[in-house]
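Q: One structure is given below, represented as structure tokens, and several questions about it will come after.
Just so you know, all these numbers are worked out from the coordinates, no wet-lab data involved. From a predicted model like this one, the values you see are computed outputs, not experimental measurements. Cβ coordinates were reconstructed from backbone atoms using ideal geometry, including for glycine residues, and neighbour counts include every protein chain displayed.
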Amino acid sequence: MTEKSELLARDKEVVVPGQVLATGMEFLPSSGTYRKGDRIYANQTGLLVVEGKVLKTIPMAGAYLPKRYDVIIGKVIDILMTGWRLETNSPYSAVLPLKDATFDYIKKGADLTEFFNLDEYVVCKIMQVTSQNLVDVSMKGPGLRKLKGGRIIKVSPPKVPRIIGKRGSMVALIKQATGCQMCVGQNGLIWLSGEPEQEVLAVKTIRKIEREAHVPGLTERIKSFLEKATGKKLEIGTDEEYERQHESRRPQSRPREGRGHREESGGARRGRRPPRR
Amino acid sequence: MAYKKRVDGRKFDETRPIIAKAGVIPKADGSGYFKIGKTEAYAAVYGPRELHPRNKQDPKTGVLRCTYNMMPFAGQGDRVRPGPSRRSKEISMVTELALLPVVNLEDWPNAVVDVFIELPQTDAGSRCAGISAASIALADAGIRMQDMVAACAVGIVDGSVVVDLNYEEEAWEEGNVADIPLAVIPSTGEISLLQMDGKVTKEQLMQAITQAKPVFERIADIQRAAIKERYDAVTREVKQNE
Amino acid sequence: MSNDLKEHISAALKKGVRLDGRKLDEFRPITIETGTVATAEGSAHLRCGETEIIAGIKLAVGTPYPDRPDSGTLMVNAELRPISNPEFEIGPPSIESIEVSRVIDRTIRESGTIDEKKLCITPGEQVWMVNVDVVPLNTDGNLIDLGCLASVAALKNTKLPRLEDGVVNYKELTQEGLPLSEEPIAVTVVKIGENFLVDPTQGEFDVADARLTVGSLADGTLCALQKGGDASLTPEDIDRMVDIALATAKKLRKLLE
């Protein structure tokens, strides 16, 4: 190990499996990277994040892995003796037990389809994930509900934080511009309902966010895209519904994920900067 | 009468021109394209997703499942009958084994990652092109993998080591031809696909493996560049519009 | 498919807007590249929205059927392989892929574009057998129309291989093309509620009440029909759907020029 420590990739660069990110023993591998001998390699396609000497990646693609306290959109695929089975846009279905489904009293022997029927979508919160990824969800909580009407679109789950934006700022922009109702599940399902043309614009915007998520300056770019499309003047703010859904989230459950990495690079700073003109 | 000049004039360690792309199949969770000469492979990854039948599930890890298929018009000569054949089933299996060592599916117990490989046209080296495309597709799908898998046929033609034989060269009749499809994990130098037909000495085999090493590094670089290009192209487009 | 989504789509259609923003009679932009497959005697690579299809032609020499000793054969096969859609599975052809194959086959065969007698090499002994294979790489609806379009483009692109003493030499294609007299076009019109639309995406296809595929020739002659979907059609519906199909076919035919 006589080799000098050297960083071979840039911060916020797209890195790919097997790419050498650094040599020498000074740097430390974290998620999405690994050490072999005196080199650190990427083991997942993602955006490299260099935090001091720690190297990690934010994934750019991949399926949804259920996580406790995530708010997701699920689809009813089965009615069980004791609740409902939901499809979660992941390899693992979830169970919504009777007791966590509603504040209403459910009589013994009641027809469960009256509450949630097959093919219906619900916004729910993951309460438990076992080591085999058996998932329990609950509908008891602010903003958790059955979704009526509208349409569901699928996005790449790792792009969800960008589509939500910082404290729901991106969702708020889209709602403001299009007047659509919108709900984003951490599992990559998005529910939209609004005037037909406005929905089309919302979908177009979401696809643009997905595609350009790795290019800095996303929030500003989306804002001006929507302003141009609608002729409205838009404000960057936060989304009430998102805040409500997440206020009961156990604080500091994942201190790092909540901040910093979920935001776009420079997005927050850009907001504080004086306007260019 | 040694093999001095290759049938298509290439250098002995020169592959045919390669084109590689990522993200070519929008419906898939990840996809790759790998064209080498006139051999062309598309690969799509679906998953990790729920695995049926349940008895194939592994509670410790996700399962990798590969399917190799030539399109009916992809063969040199007669139409290839659709549906699985002994050949396609064997190639599907060795493809799976070639990719398995780099792929880490421990986060996905009981799930499956499906890799579908389709070849619209072939001119020898189709299993290797399939593996190279599949490796791009897996990385594009965000699957955790320690490295790319680069695959290419290496051959011994009349005692000389050549890389990436085409159909004409494989069928060369004036001397002894051995065809050795190889898949290599570049960061470790390990080999995850090894087959051969033809006659060689042990020394020739080891010589072929050693001499071809730089080729696999080159192919892995092309694969990695393809995945990055998917994102870089968007970055360029955004910058242009600003 | 949920009734919710169907109602949502219908409500938007009433205002003349489809989920992807298109008008009801609007096709997604199509590109066709021909001669893309070196191992085929004819080929076409078609893209339309997110649907992408390769059609390839393989020619073989075989013995004619005893009851038609002076006729060659034509066969169309569509393979809905799992590479192209998460819904498609490995295994024997699904009913969906069989229907796609058969409707394209019928549209091309019944158009009479290929005079099978002209495919005869030696009566009773050798004839050309034309195999059309349609393989989608990515599917987002409307496989019959697009598969048919790709097939016809590939047929037009085909060159006969050289025949040496009754054996095909695939390495050498002649300058001679297939004897084609027509360019049949298939157009599927779907009915959702009281609305009719063309070029359905997968989502629209799934919620459609009924559909009608109309194969037609340049002069407006119909050469194949296939009604699909759960709901029945009134004669007025059919009248309207055929009109829409013929008007659309006229536009699609230009892509083959």
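Q: Based only on other Cβ atoms within 10 Å, what is the fewest-to-most ordering of A:Ser224, C:Ser97?
A: Placing the least packed residue first, the sequence is A:Ser224, C:Ser97.
Q: Sorting C:Val135, B:Val24, A:Val95 on the 10 Å Cβ count, fewest up front, what's the list?
A: Fewest to most other Cβ atoms nearby, the residues stand as A:Val95, B:Val24, C:Val135.
Q: Angle check, please: helix A:169-178 long axis (alpha carbons) against the longest principal axis of chain A (alpha carbons), in degrees 0 to 90, nearest 10.
A: Taking Cα atoms only, the helix is inclined about 60 degrees.
Q: Each label point is 7 Å from the Cα along the Cα-to-Cβ direction; what then is the distance between the points at A:Leu118 and A:Glu235, in nm?
A: 4.7
Q: Mind checking which aspartates and glutamates have their C-alpha under 19 Å from B:Lys199, skipping anything on the same chain fewer than 8 residues away?
A: Leaving aside aspartates and glutamates fewer than 8 places away in the same chain, those within reach of B:Lys199 are B:Asp158, B:Asp164, B:Glu168, B:Glu169, B:Glu170, B:Glu173, B:Glu174, B:Asp179.
Q: Using the Karplus curve 6.51 cos²θ - 1.76 cosθ + 1.60 with θ = phi - 60°, work out ³J(HN,Hα) for each residue of segment C:119-126 in order, rounded to whole Hz, and write x for Gly and Pro.
A: In residue order, the calculated couplings are 8, 7, 9, 10, x, x, 10, 10 Hz.
Q: Let me ask you something else. Summing -39500 (n - 2.57) over the DSSP H runs of n ≥ 4 in chain C and dividing by its residue number, what mean residue ellipticity at 222 nm do you reach, to the nearest 500 deg cm²/dmol?
A: -8500 deg cm²/dmol
Q: Taking only Cα atoms and a 10 Å spring cutoff, compute GNM fluctuations for chain A and point out the largest among A:Leu147, A:Leu86, A:Leu55.
A: Residue with maximal mean-square fluctuation among A:Leu147, A:Leu86, A:Leu55: A:Leu55.
Q: Please compute the modelled spin-label separation between A:Arg145 and B:Leu100, points set 7 Å along Cα→Cβ, answer in nm with one decimal.
A: Distance between the two pseudo-spin positions: 5.0 nm.
Q: Let me ask something else. Taking the Cβ-Cβ separation of B:Met206 and A:Lys204 as r and a Förster radius of 60 Å, what is the calculated FRET efficiency to the nearest 0.05?
A: 0.55
Q: Taking the alpha-carbon distance from C:Lys58 and a cut-off under 22 Å, which lysines remain once sequence neighbours fewer than 8 residues away in the same chain are dropped?
A: B:Lys35, B:Lys38, C:Lys117, C:Lys118, C:Lys156, C:Lys159, C:Lys171
Q: Here's a follow-up. Which cross-chain or sequence-distant (5 or more) residues have an amide H under 5 Å from the amide H of C:Asp70, H modelled 1.01 Å from N in plane?
A: Amide H to amide H, under 5 Å and 5 or more residues apart or across chains, C:Asp70 pairs with C:Gly124.
Q: Run through segment A:102-200 and list the chymotrypsin sites (Phe, Trp or Tyr not before Pro) located in a DSSP loop whose Cβ has at most 16 other Cβ atoms within 10 Å.
A: Qualifying residues, ordered by number: A:Phe103, A:Tyr105.
Q: Determine which lysines satisfy two conditions relative to A:Lys56: a Cα distance under 18 Å, and not lying fewer than 8 residues away in the same chain.
A: The reachable lysines, counting only those whose Cα sits under 18 Å from A:Lys56, are A:Lys12, A:Lys36, A:Lys159, B:Lys228.
Q: Another question, then. GNM, chain B, Cα, under 10 Å: largest mean-square fluctuation among B:Glu174, B:Glu40, B:Glu14?
A: Taking springs between Cα atoms under 10 Å, the residue moving most is B:Glu174.
Q: Pick out which of C:Thr39, C:Thr139, C:Thr234 has the largest mean-square fluctuation in a Gaussian network model of chain C, springs linking Cα atoms closer than 10 Å.
A: Looking only at C:Thr39, C:Thr139, C:Thr234, the biggest GNM fluctuation is shown by C:Thr234.
Q: What is the count of Lys pairs in segment A:71-147 whose alpha carbons sit under 17 Å apart, if the two are 8 or more places apart or on different chains?
A: Lysine pair count for segment A:71-147: 10.
Q: I'd like the Karplus ³J(HN,Hα) series for segment B:25-34: coefficients 6.51, -1.76, 1.60, θ = phi - 60°, whole numbers in Hz, and an x wherever there's a Gly or Pro.
A: Residue by residue, segment B:25-34 yields 10, x, 5, 7, 7, x, 8, x, 9, 9 Hz.
Q: In what order do C:Thr248, A:Thr23, B:Thr210 fall by count of nearby beta-carbon atoms within 10 Å, going from fewest to most?
A: B:Thr210, A:Thr23, C:Thr248
Q: Another question, if that's okay. Just tell me the longest site-free run in chain B, where the sites are trypsin sites (Lys or Arg not before Pro) in a DSSP loop having at most 14 other beta-carbon atoms within 10 Å.
A: It works out to B:61-198.
Q: Turning to a different aspect of this structure: Whole-Hz ³J(HN,Hα) for each residue in segment A:141-152, computed from phi via Karplus 6.51 cos²θ - 1.76 cosθ + 1.60 with θ = phi - 60°, x for glycine and proline: what do you get?
A: For segment A:141-152, the Karplus-derived couplings read x, x, x, 7, 6, 7, 9, 10, x, x, 9, 10 Hz, x marking Gly and Pro.
Q: What's the magnitude of the charge dipole for chain B around its Cα centre, counting Lys and Arg as +1 and Asp and Glu as -1 at the beta-carbon? Answer in Debye, nearest 20.
A: Magnitude of the dipole: close to 340 debye.
Q: Would segment B:145-190 count as rounded, prolate or oblate if I go by the C-alpha gyration tensor, calling it rounded below 1.5 in a/c and otherwise prolate when a/b exceeds b/c, oblate otherwise?
A: Here segment B:145-190 falls in the prolate category.
Q: Another question, if that's okay. Could you give the size of the charge dipole of the protein assembly as shown about its Cα centre, using +1 on the Cβ of each K and R and -1 on the Cβ of each D and E, expressed in debye and rounded to the nearest 20?
A: For the protein assembly as shown, the charge dipole is close to 3460 debye.
Q: Right, next: For the charge dipole of segment A:71-147, defined by +1 on Lys and Arg C-beta atoms and -1 on Asp and Glu C-beta atoms about the Cα centroid, which residue among A:Gly109, A:Met127, A:Tyr92 has the Cα displaced farthest towards the positive pole?
A: Looking along the dipole axis, the top candidate is A:Met127.
Q: Tell me which residues come under 5 Å, amide H to amide H, from B:Gly30 once H is placed; ignore anything under 5 positions away on its chain.
A: Result for B:Gly30 returns B:Val45.
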